Structures are given as C-alpha cells and as structure tokens.
Amino acid sequence: MANKDINQMGLPKWITNIFTARNITTAKEVLSLTEFQLMELLDVGLADVTSAVAHISEVVCPPCQTALLLMEHRVRNENLAGHLPTRLKGLDEALCGGLPFGVLTELVGPAGIGKTQFCLKLSLLASLPENYGGLDGSVIYIDVESKFSSKRLIEIGMKSFPEIFHMKGMAKEMAGRILVLRPSSLSEFTESLHEIKVSLLQHQVKLLIIDSMAALVLGESDYGGPRQHPLGWHVSFIKSLAEFSRIPVIVTNQVRSQIRDAVCKYSFQAQSCAETKDDTARYDSHLVAALGINWAHAVTIRLVLEATSGQRYIKVAKSPMSPPLAFPFCITSLGISLLNDDGVELTGLEISTITCQGQNDVLNIDGERLWG
C-alpha cells in the first residue's frame, strides 16, 4: 500500500499535479517527508499539505479490526488455524484445542522425562482416522538418537485406541503411516530438509517431529555462541516448513548445565539439583535449554517436562494463548497421562525454571554435564 500511486489516492487534481511535477509519485515518498518539507517542496500552504497527508495516510493505513472480527475470521478459516489435540484434557484446554498448526512447538526436558513418549503418542494421534479424532495423515518422524520404538508405538496404540488397533490389519496400516528418518549428522539432516518439504505434499503429511534438534548439533562445536550460527538457517527453514504446510511441527530439545557465575543469557534457568557421587556437594549451576536464546525465540509453544520431588510435571512455559501452567503427569502403557486436569498457575521464577531431580548425569565428549 505504501507504494500506491498518488494518482490513485483520490486527491484533488490540482495537488496531484503538483506532486507529479515535483516527481513525488507514491504514498511512501509523501509520508517520508515532514509537513514543513512538503510545504517548501510543493510551495503550498500548511492546511493543504496537512489535508493531503491525512488523506493519503487514511488510504494506505490498514483498516482497524476488533477482537471479535479477528475471532470470527479465525473460525471461518479454521483449516488454517487448527490444532492437533494431545488427548490430555487440561493441556488441550490451556492451548485452546491442542498443538497449533503452522508453528513450532518445543518439548524441552532432561533425559528419561517422557519427551519421546509424548512424541510417539502424538504420531499416533496425527495418523488416526478423522472419525476417531485424528488428522488421518502421515507423519515424518526424524529420530536423531534412535529412540523411536515401533514396539512401544503399537503398545500405546493398543492400550489407548483398542477399538481401532484390534481391527484386522489396522495396527500395520497405522504404523505404515509413520515415516522414520535417522540422519547421522547435521549435514545429512540439512540435505534431507528439501526432500522433506516435497514429502509434506506428496504423502499428505500432517505432523513433523524432530527428536531431538539438540542432538543434531551435539559434538559439532562447543555450546554457546559458535553453535548458534550453523542453526540459523535450520531455524528459518523449519519455521517456513510449518507455515508453508500448515501442520504442527514438534521439536524436542535437551537441557544442559551452565555455571552459575557465568553471565545468564538464556531463559529456563534453575539451580541444578544434581549432586556429586559422594553426595558431599551440589553443583552451583543452572539448567538451561540446550539450543540457547536464538532457538527460544523461534518456537511459539514451549512445553517443559521436569521432575520435582519425585513427581513429573509438564509446564506450559511459553504460549500466546495460555497463562503459564503446570500439570502433574505419569507415564503408563497408555503413554503420558495427566494426574489431574486442573493446572497450577505459575508465577515468578517458577515459569522459567527447569528442575531435574533423580536424573542421571550424561557427559558429552568434552566432559560437560548434559541431560538429553
């Protein structure tokens, strides 16, 4: 609109001719100058300049919309603003229907907390027929750490959806809808991204899962500043995949320790409860999301899975449609199950902390403590 021609503005012909004579032909060129500059350039009075600028501004300015109009527009275009229900009632209600289409949703937490279990359940939900509440599509599951288990997938399906999986051939059909890729390096993953974009259309893909993004870059460079650079392109490309295909994209992320004395650049910081083997001292460190602040800005929904005093929680730590809430959960043969649907609203540091109690240390090749 800013490049709209002055001749199309509906201004009085006399002032339009003056603009044209002074080689001012677009709204942008008019609005880039002050009223006094225009007075001097056009040789007209302040009242005429003010009137012309006000008229041009009104023409090129986007119309105001009420919240009600935006909501009605969203309802009319629900196919572009849909959700993948997680079947965790409290979480779905907090997220206004589930994991939204067209954006990145991140699962971050320590090893063994349940991130992959959650991803397996989501894979089944996306591949379920629509009349059973699914998306009736295929799933691309990028299994970086070889944690994907077909046996566990079928077990979750049999226990969660017995009316479907007990039908002859249905378990085989559902498992056949999930395409598992196992890139061995970041470069191999990079090469496959363009093929994935084509597959999203050719195979009616309704869900993309990357488990885990942090593992792709682990060992390629030290954590911190240098590691952000190779991820810049990947962040942009994955976001474009979500927006282009209008499907939910789920990415898991690890956590790492950070020396408390270091400058705290990242969110989701908490005092680590990890102890030394002789139980004589605690590490004076934080737990932080492994991919850092640049990655944190790229995700729209961030769900933190953590353990406190022997109880697991899933926290809505970042969401444009929900307050920060925490739900206790457990892992059963059904997958992840909430212990209750009434989330506890979080305040202060509770929102951004990651706690890890009872988890074993995992060391990377440089000896840095890392929880996957």
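The values are calculated or read from the model by the stated rules, or taken from the named source; none is laboratory data. Only a predicted model underlies this, so the values are computations on that prediction, with no experimental measurement involved. A quick note on method: Cβ atoms are made from the backbone with ideal geometry, for glycine too, and the neighbour counts reach across all protein chains shown.
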- Counted residues in the stretch 1-15 being in a helix (DSSP H, G or I) and exposed (fewer than 12 other Cβ atoms within 10 Å of the Cβ) come to 3
- Query: So which residues in the stretch 16-47 are more than 50 Å from the chain's Cα centre (by Cα) and crowded, with 17+ Cβ neighbours inside 10 Å, if there are any at all?
  - Reply: 18, 42
- Query: Cβ-Cβ below 6 Å, separation at least six or inter-chain, first residue in the stretch 178-198 and loosely packed, with under 13 Cβ neighbours inside 10 Å, second modelled with pLDDT under 80 and part of a helix (DSSP H, G or I): which pairs?
  - Reply: none
- Item | Whichever residue in the stretch 113-124 is of a type in the set (A, V, I, L, M) and in contact with a helix residue (DSSP H, G or I) (Cβ under 9 Å, 6 or more places away or on another chain) and, among such residues, is nearest to residue 180 (Cα to Cα) | 120
- Hey, could you check the stretch 20-37 for residues that are touching a Lys or Arg at 6+ places or on another chain (Cβ under 9 Å) and not β-branched (Val, Ile, Thr) and say which is farthest from residue 7 (Cα to Cα)? 28
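One line per residue, one yes/no per condition, for (1) at pLDDT below 95; (2) touching a strand residue (DSSP E or B) at 6+ places or on another chain (Cβ under 7 Å):
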| residue | (1), (2) |
| --- | --- |
| 114 | yes, yes |
| 118 | no, yes |
| 147 | yes, yes |
| 154 | yes, no |
| 169 | yes, no |
| 180 | yes, yes |
- Query: residue 93: surrounded by fewer than 16 Cβ atoms within 10 Å (Cβ to Cβ), in the same structural domain as residue 161 (by TED's automatic domain parsing) and either more than 26 Å from residue 215 (Cα to Cα) or touching a residue at least 60 places away in the same chain (Cβ under 8 Å) (or both), yes or no?
  - Reply: yes
- Say we look at the stretch 144-157 and pick out the residues that are surrounded by fewer than 21 Cβ atoms within 10 Å (Cβ to Cβ) and farther than 18 Å from residue 335 by Cα; which of these is farthest from the chain's Cα centre (by Cα)? 146
- Task: Exactly one condition in (1) without any contact (Cβ under 8 Å) to a residue 12 or more places away in the chain; (2) crowded, with 17+ Cβ neighbours inside 10 Å; (3) more than 22 Å from the chain's Cα centre (by Cα) is not met by residue 160; state its number.
- Result: (1)
- Query: Within the stretch 331-355, how many residues are touching a strand residue (DSSP E or B) at 6+ places or on another chain (Cβ under 6 Å), more than 22 Å from residue 97 (Cβ to Cβ) and part of a strand (DSSP E or B)?
  - Reply: 0
